[in-house]
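Report on the following structure.
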Amino acid sequence: MARCLKVAVLAPMRQVFDYHAPAGPDADELIGCRVRVPFGKGSRLGVIVEVGEASLSAERIKNVTELIDQTPLLPGSLLALALWAADYYCHPPGEVLAAVFPLELRRGEAPRESLEDAWVATAAGQQALSNGTRLGVRQAHVLGLAAGEALRASGLSTLPFDARRVLRELTERQWLCAVRVPPVAAIGTESLEAFLDLNDAQALACAAVLEAADRYRTYLLEGITGSGKTEVYLHLARAMQAGGRQTLVLIPEIGLSEQLVRRFQRRFGSQVALLHSDLSDRERALVWERCRVGEVAILIGTRSALWTPLSNLGLVIVDEEHDASFKQQEGFRYSARDIAVMRARQDGIPVVLGSATPSLESESNVRRGKYTRLRLPERTAGAIPPVLRGLDVRSLPLTGGLSDALCKAMDQVLTEGQQVLLFLNRRGYAPLVMCHACGWIARCERCDARLVLHRESGRLSCHHCGAGRNLARQPVTCCPQPMPMTLGVGTEQVEEALNQRFPGRRILRIDRDSMRRKGQFEAACAAVLAGEVDILLGTQMLAKGHDFPEVTLVGIVDADSRLFATDFRAAERFAQLVIQVAGRAGRGSKPGLVLIQTHHPDHPVLRTVLESDYPDFVALGLAEREAAGLPPFTAMAVIRAEAGQQALPTEFLSGIRRATKSLVAAEVRLAGPVPATMERRAGKFRAVLMVSAERRGALADALLKILKAIEESPLRHRVRWHIDVDPEEAG
């Protein structure tokens, strides 16, 4: 057979396709280039992944329509990583490669020139500044910056407010002019923040990583909240930059890691680039290209930043490595943390996984000798870890979810001029609305879930599918005189109770409902730091990554909802959340106190968290997982199916189980199919089939057989299905 190009078409196809190479360039030098190829009745974009022997006769192989790139956009190591991930996660290689490229490149466009958007003051704008024209404070600030030199888009995030609206206003008045400028190669050290001295533990951690900077090794940087993990990251990145190497920093969510991002920007200036979902397609393409050509020293981003080509990558950092946000839950379901480790391994560089509450998977890898643990056991600047106490609220009156004991503790802290943070991971006013007369409950018509009351908007909403309706129009047909009442509390109700109990106090609620506009969350955090807030109430948006020195009391309003979750990771998530929230208390010079309201003070997980430290919980959690045959002691995958008819998903998965049960290794366990934890969601019925094995190789072989059985199933086109390898949830 003649040699030909193997092309992964950017489509949900599980195989690669043969095409004749274009005349001219050496075919082997085209691996990683984009091409346009005839496909079906039209054409598709694809990526050349291999040059090899054709699987068809020469006359049946079509020619490439267009060679888009003359040189590969993807380095060989990144292409190999994407193909490995496609194999590991049982996902079509073309769709994996589509996740690697920005949207513009997936459309076949050429890489953007590495120019940056900027704004300069026009002559009219200069005159408005000099002649005393009345301007808003923000307008004057932005116009003054643009009058000195070009105000770059990369510098907007350093402003203490969202500048986009101000820029639009000034441009409409023709006081600003939009331009494109080359990126700044570096910023003078006089404009950057000085590096802090490291304590002994931080210095030892840095030295250990840099000592092996020329080879692969995974480090688990375990540091209690406030111990200075970010400072370690900064010093490591500086060492990499000094050696001409790049650093990739992965964070769970850009908004929740704002302080980390700002610290990097204050130390490294324009050498830092950000990549996240809030950027426009054009901005993402520009950052991607700047990283590819080596104009960026440090890239900070969420999951998708993992796939960015970096010409001289020297270090990978994964902050809050335990966070579930690193697992993509739709489409290409991959773990950015795990692939980050594989990328470092392929490139022969170190990777640092940082957390105050490491995942049980990472803890297991340390115990097996695969990872090296580095400890930061103390808070920086002499700060004392907070004291954790449980508040038994059984039989006690609660007003808006708040006990009298918690309110009295808040009174004392507020009287001393300090701040309070209250945590409740449930937005809205109440999670259940019912009729007191007949027992009717407001339920979602499309999900097996109750509707949540949002009193501010006057709506009942489903937090799973987004459906909702106005409360005033809610029918209660079974009762002639409905008597609506609510059960449970959400952040809206707690805020209402706080306003009644603490009149005159400055109360700020932070959740997805109150922080919808761009820049609103950043402004809220700035207000807390400026001392303009007395009581801060919020959801998981406040649980991590924030340093509020004047917060000395943290109250967890309802710990019980997490204690009794059905997922096998529930206990781990509960312990991590409590410790992360508790870490917001006493980060300054004042001691901190954490009060946890519960109706189950004797629950073993809560007792372990309160009376011991996180390593004790880890030992307990790993022992339970091993006894139950759960990850990290087994490899697991879940096959999920959904359809509009209730019986179809179970029928489809039952057929897959029957077709493969005799073909897989004896150690492979097939459990189910069973209805999903929430069987009906968004109008679809769902079922799951769990596959597990002690050896990962046995699981991989089983999944190949399952994929073959799915392709042969007569029901495969009547259901939507996917395979989730290393799932966050089994249901």
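Coordinate-derived values only; no laboratory data. It should be emphasised that the depicted structure is a prediction, and the values quoted were computed from it without experimental measurement. Here Cβ is always computed from backbone atoms with ideal geometry, including for glycine, and neighbour counts include all displayed protein chains.
Residues whose amide H comes within less than 5 Å of that of Val318, counting only those at least five positions distant or on another chain, are Leu250, Val352, Leu353, Gly354 (H built at 1.01 Å from N in the peptide plane). Think of the chain as a dipole: +1 on every Lys or Arg Cβ, -1 on every Asp or Glu Cβ, centred on the Cα centre; then among Leu424, Val64, Ala700, Val64 lies furthest on the positive end.
Within the shell of other residues whose beta carbon sits under 12 angstrom from the beta carbon of Ser43, the net charge comes to +3, with Lys and Arg scored +1 and Asp and Glu -1.
Rounded to two decimals, the Cα radius of gyration of the stretch 116-181 over 2.2 N^0.38 Å is 0.99. Once the mean of 1/r is taken over each pair of separate Cα atoms and inverted, the stretch 189-381 shows a Kirkwood hydrodynamic radius of 16.7 Å.
Here the dipole of the chain is about 1680 debye; that uses its Cα centre as origin and unit charges on the Cβ of Lys and Arg (positive) and Asp and Glu (negative). Which shape class applies to the stretch 3-106: rounded if a/c is under 1.5, otherwise prolate when a/b exceeds b/c and oblate if not, where a ≥ b ≥ c are the square roots of the Cα gyration tensor eigenvalues? Judged from the Cα gyration tensor, the stretch 3-106 comes out rounded (a/c under 1.5).
For every other residue with a beta carbon closer than 11 angstrom to the beta carbon of Tyr89, add +1 if it is Lys or Arg and -1 if Asp or Glu, then tell me the sum. Working shown, then result.
Details: positive: Lys327, Arg333; negative: Asp87, Glu95, Asp338, Asp724, Asp726.
Here the charged neighbours net out to -3.
Projecting the Cα positions of Val120, Ala150, Leu167 onto the charge dipole of the stretch 116-181 (unit charges on Cβ atoms of Lys, Arg, Asp and Glu, taken about the Cα centre) puts Leu167 furthest along the positive direction. Helical runs (DSSP H, four residues minimum) scored at -39500 (n - 2.57) apiece and divided by the length of the chain put the mean residue ellipticity at 222 nm at -9500 deg cm²/dmol. Scanning residues 5 or more positions from Thr552 or on other chains, those with amide H under 5 Å from its amide H are Gln419, Gly586, with H placed 1.01 Å from N in the peptide plane. With N the number of residues in the stretch 617-684, Rg(Cα) / (2.2 N^0.38 Å) evaluates to 1.41. Both the radius of gyration and Dmax for the stretch 505-552 are 10.1, 29 Å, in that order, over alpha-carbon atoms. Diffusion coefficient (Stokes-Einstein, Kirkwood radius over C-alpha pairs, 25 °C, 0.890 mPa s) for the stretch 348-476: 121 µm²/s, rounded to a whole number.
The Cα atoms of the stretch 598-731 give a gyration tensor whose axes a ≥ b ≥ c have a/c of 1.5 or more with a/b no greater than b/c, which makes the shape oblate.
Counting Lys and Arg as +1 and Asp and Glu as -1 over every other residue whose Cβ lies under 12 Å from the Cβ of Leu221, the net charge comes to -2. For the stretch 189-381, the antiparallel share of DSSP beta bridges with both residues in that region comes to about 5%.
Given 25 °C and 0.890 mPa s, compute D for the chain with the Stokes-Einstein relation, Rh being the Kirkwood radius over Cα pairs; round to the nearest whole µm²/s. Show your work: numbers first, answer last.
Working: Rh = 28.5 Å.
Value of D from the Cα-based Kirkwood radius: 86 µm²/s.
In the chain, taking the dipole from charged Cβ atoms about the Cα centre, the farthest positive-side position among Tyr219, Cys465, Trp84 is held by Cys465.
For the stretch 49-89, rounded, prolate or oblate, judged on the Cα gyration tensor with a ≥ b ≥ c (square roots of eigenvalues), a/c < 1.5 rounded, else prolate if a/b > b/c? Could you put the intermediate results ahead of the total?
Values: a/c = 2.88, a/b = 1.41, b/c = 2.04.
Cα axes put the stretch 49-89 in the oblate bin.
3J(HN,Hα) along the stretch 18-25: 8, 9, 6, 6, x, 5, x, x Hz, from the Karplus curve 6.51 cos²θ - 1.76 cosθ + 1.60 with θ = phi - 60°, whole Hz, x for Gly and Pro. Taking amide hydrogens as modeled 1.01 Å from N in the peptide plane, which residues meet the under 5 Å criterion relative to Arg459, leaving out close sequence neighbours? The list, which skips near neighbours in sequence, is His454, Leu471.
Within the straight-line cut-off of under 18 Å between alpha carbons, the lysines reachable from Lys708 are Lys661, sequence neighbours fewer than 8 places apart in one chain being disregarded. Normalised radius of gyration (Cα atoms, divided by 2.2 N^0.38 Å) for the stretch 87-127: 2.17. Scalar couplings 3J(HN,Hα) for the stretch 335-345, obtained by applying the Karplus form with A = 6.51, B = -1.76, C = 1.60 to θ = phi - 60°, are 9, 5, 4, 5, 6, 4, 5, 5, 5, 4, 5 Hz; x denotes Gly and Pro. Gyration tensor over the Cα atoms of the stretch 100-252: the corresponding equivalent ellipsoid has semi-axes (square roots of 5 times the eigenvalues, largest first) of 40, 22, 14 Å.
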